[in-house]
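To keep things clear, I will list the structure first and then write my remarks on it.
The values are calculated or read from the model by the stated rules, or taken from the named source; none is laboratory data. Computed from a predicted model, the values in this text were never measured in an experiment. Positions of Cβ are backbone-derived with ideal geometry, glycine not excepted, and every protein chain shown enters the neighbour counts.
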Amino acid sequence: MTKHIAQAFVVACMDFRFQKYLHEWLATQMQDKTYDFVGYAGSTKSLDVIMSQLDISKRLHEIKEVVLIHHEDCGAYGAESTPERHATDLHKAKDVILEKYPDLQVHLLYLHLDGTFEQVV
Ligand SMILES: [Zn+2]
């Protein structure tokens, strides 16, 4: 089987309200890069599911970068969808990923309802 290389692995919520923003952001910020994309309710909330997808992406495409995107007013979080909770879960996901794949660069982003992307530090 031919090896196909991608540079990044991107995870975001499946919520239809944000897809246009995601597409625009990916088109500008990732325009020179190839990436695998996972759209899953709550993004990294179901971390086991996301890790299984990341494992495949890493094995098949040897990705170097991971972009994790959570968003405001996420239905998968319901009343717990606060910026603090999203930041906590994003960092938790980053820790788990780096423990397994220390060579990866992990970027954390929070997408607002108005389409603004905020870096989570
Ligand atoms: Zn969501």
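Looking only at residues in segment 59-73 that are farther than 20 Å from K100 by Cα and buried (at least 21 other Cβ atoms within 10 Å of the Cβ), which one is nearest to the ligand (Cβ to nearest atom)?
Applying the filter and picking the extreme gives H71.
Does segment 13-21 contain at least one residue that is free of Cβ contacts under 8 Å to residues at least 40 places away in the same chain, among the aromatic types (F, W, Y) and assigned to a helix (DSSP H, G or I)?
Yes: segment 13-21 contains one or more residues that are free of Cβ contacts under 8 Å to residues at least 40 places away in the same chain, among the aromatic types (F, W, Y) and assigned to a helix (DSSP H, G or I).
Pick out the one residue from L111, L98, L26, L22 that is surrounded by 15 or more Cβ atoms within 10 Å (Cβ to Cβ) and away from the ligand (no atom under 12 Å from the Cβ).
L26
Can you tell me which of D103, D89, D48 is of a type outside the set (G, A, S), assigned to a helix (DSSP H, G or I), modelled with pLDDT of 95 or more and under 29 Å from H4 (Cα atoms)?
So the residue among D103, D89, D48 that is of a type outside the set (G, A, S), assigned to a helix (DSSP H, G or I), modelled with pLDDT of 95 or more and under 29 Å from H4 (Cα atoms) is D48.
What's the number of the condition Y77 fails, among (1) within 12 Å of the ligand (Cβ to nearest atom); (2) under 19 Å from D114 (Cβ atoms); (3) out of contact with any Lys or Arg (no Cβ under 8 Å at 6 or more places or on another chain)?
(3)
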